[in-house]
1. Output the residue which, of all residues in region 174-206 that are more than 23 Å from residue 275 (Cβ to Cβ) and either basic (Lys, Arg) or within 16 Å of the ligand (Cβ to nearest atom) (or both), is modelled with the lowest pLDDT.
2. Tell me yes or no: at least one residue of region 37-52 is of a type in the set (Asp, Glu), crowded, with 19+ Cβ neighbours inside 10 Å and modelled with pLDDT of 95 or more.
3. Residue 149 versus (1) away from the ligand (no atom under 16 Å from the Cβ); (2) touching a residue at least 24 places away in the same chain (Cβ under 8 Å); (3) not acidic (Asp, Glu): which is the lone unmet condition?
4. Against the definition (assigned by TED's automatic domain parsing to the domain that holds residue 224, of a type in the set (Lys, Arg) and modelled with pLDDT under 95), how does residue 295 come out, yes or no?
5. Report, ordered by the first and then the second residue, all pairs with beta carbons closer than 6 Å, sequence separation of six or more or different chains, a first member in region 167-184 that is outside the structural domain of residue 317 (by TED's automatic domain parsing), and a second member that is part of a loop (DSSP other than H, G, I, E, B) and not aliphatic (A, V, I, L, M).
6. Of all residues in region 119-141 being in contact with a Ser or Thr (Cβ under 6 Å, 6 or more places away or on another chain) and in contact (Cβ under 8 Å) with a residue 60 or more places away in the chain, which is surrounded by the most Cβ atoms within 10 Å (Cβ to Cβ)?
7. Filter region 255-282 down to the residues that are more than 13 Å from the ligand (Cβ to nearest atom), in contact with a Gly (Cβ under 6 Å, 6 or more places away or on another chain) and in a strand (DSSP E or B) and list them by number.
8. Among the numbered conditions (1) surrounded by fewer than 16 Cβ atoms within 10 Å (Cβ to Cβ); (2) free of Cβ contacts under 8 Å to residues at least 24 places away in the same chain; (3) in contact with a Ser or Thr (Cβ under 8 Å, 6 or more places away or on another chain), tell me where residue 194 comes up short.
Amino acid sequence: MIAVPSGMKRVWISLCCIACFPLASGSCALAASCEQSDEQNIINWVDFNVPCEAMKKAIALDVDSQEKDIKLNFIELLAYLAAQNGNDFSGYRDKQLDALAEQLNSGTSMAELTKKLTYYNYYYEAYTAIFSGFVGDYEIEVADEDGEGTHWEQRYGLKVFSPIAKGFAYSHYDDFGNTRSYGFSRIHLGNDLLGLVGTPIVAVEGGVIEAMGWNQYGGWRIGIRSLDSKRYYYYAHLRKNFPFRKDLTVGSVVSAGDVIGYMGRTGYSIKENVNNIETTHLHFGMQLIFDESQKECNNEIWINVYEIIQLLDQTRSEVVKNQETKDYSRVYGFHDLSETTGE
Ligand SMILES: [Zn+2]
């Protein structure tokens with residue numbers, strides 16, 4: 001296990017209490033995969049505190065540098081900040097990243113700048129797990145100016161989408177870590193996005209559907225693993241009777257921005273297809289998996305996604321309803337040109 005700064009380790013008792021919450025089977029039986037691999041230095045906790053402003057600024061510096069000789073990497077920039085401020089971003093200002101970019105642009109290497117920052121490597125690895133699918137080359141279908149047709153454009157930049165389709169209203173607040181009591185006492189490991197029943201829910205990042213169906217906590221829920229297998233996206237409480245896009249099943253591959261299902265208020269019931277949640281909302285969660293033993297073995301790592309949802313508000317997927325099937329689908333095609341497969 002890697003050493004983490006004091007204050008970053010949670011009390012493990014609280015983690016044990018919530019571990020069953022997102023499980024596919026609803027059982028906590030320890031499987032063989034729960035044995036941690038022999039590899040040392042596996043990260044076992046991430047306290048994600050980066051504000052949306054810092055993510056936006058770091059990504060802008062990364063994107064702008066692509067035309068220049070010295071390329072900046074937004075993950076490195078954010079890891080530097082966290083290592084420098086001890087994971088306390090309360091005093092964050094854009095000028096901190098401007099000053100860092102200036103040093104890098106003048107020829108100082110990140111290795112030199114971080115020589116004395118003990119936890120830089122930890123943050124770099126943690127943030128790589130969070131962000132490796134977020135920024136890169138992609139191809140997107142764009143409407144022609146005359147409105148007649150569409151064409152494809154190649155771009156570099158943010159290539160993940162908000163889980164809420166474009167044109168559909170939602171509200172949220174930072175509710176990570178709040179208490180929940182259905183079934184057993186536990187803490188809230190995601191962000192609740194409040195909206196109307198039937199709001200199309202979109203895959204934030206592409207990947208493979210790993211779980212789909214009923215779970216007594218999440219109701220109709222869908223879990224998608226990123227192609228590099230480091231991130232598991234959890235979308236819960238989907239609509240009664242018609243929760244998912246009809247052609248999806250476990251094992252289906254989806255792209256970032258694809259419609260996957262519809263907002264509802266199912267869950268908190270052993271019986272399937274029951275509306276037992278008072279307020280209609282999407283529960284969105286993001287789990288990090290550095291080792292397969294962390295998938296569902298009482299040592300899950302869920303991060304606070306509130307600021308990430310804020311970041312993704314600028315990339316909303318436009319969707320259209322098929323009047324015959326009642327399913328929605330994306331309007332504009334998308335190809336990820338830099339998909340990481342973990343190889
Ligand atoms: Zn929730």
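1. Among those that are more than 23 Å from residue 275 (Cβ to Cβ) and either basic (Lys, Arg) or within 16 Å of the ligand (Cβ to nearest atom) (or both), it is 185.
2. no
3. Answer for residue 149: the failing condition is (2).
4. Yes: the conditions hold for residue 295.
5. none
6. Among those that are in contact with a Ser or Thr (Cβ under 6 Å, 6 or more places away or on another chain) and in contact (Cβ under 8 Å) with a residue 60 or more places away in the chain, it is 133.
7. Matches in region 255-282: 262 only.
8. (2) is the only condition that residue 194 fails.
The values are calculated or read from the model by the stated rules, or taken from the named source; none is laboratory data. In this text the structure is predicted, and so the values were computed from the model without any measurement. Cβ sites come from the backbone with ideal geometry, for glycine too, and all protein chains shown count toward neighbours.
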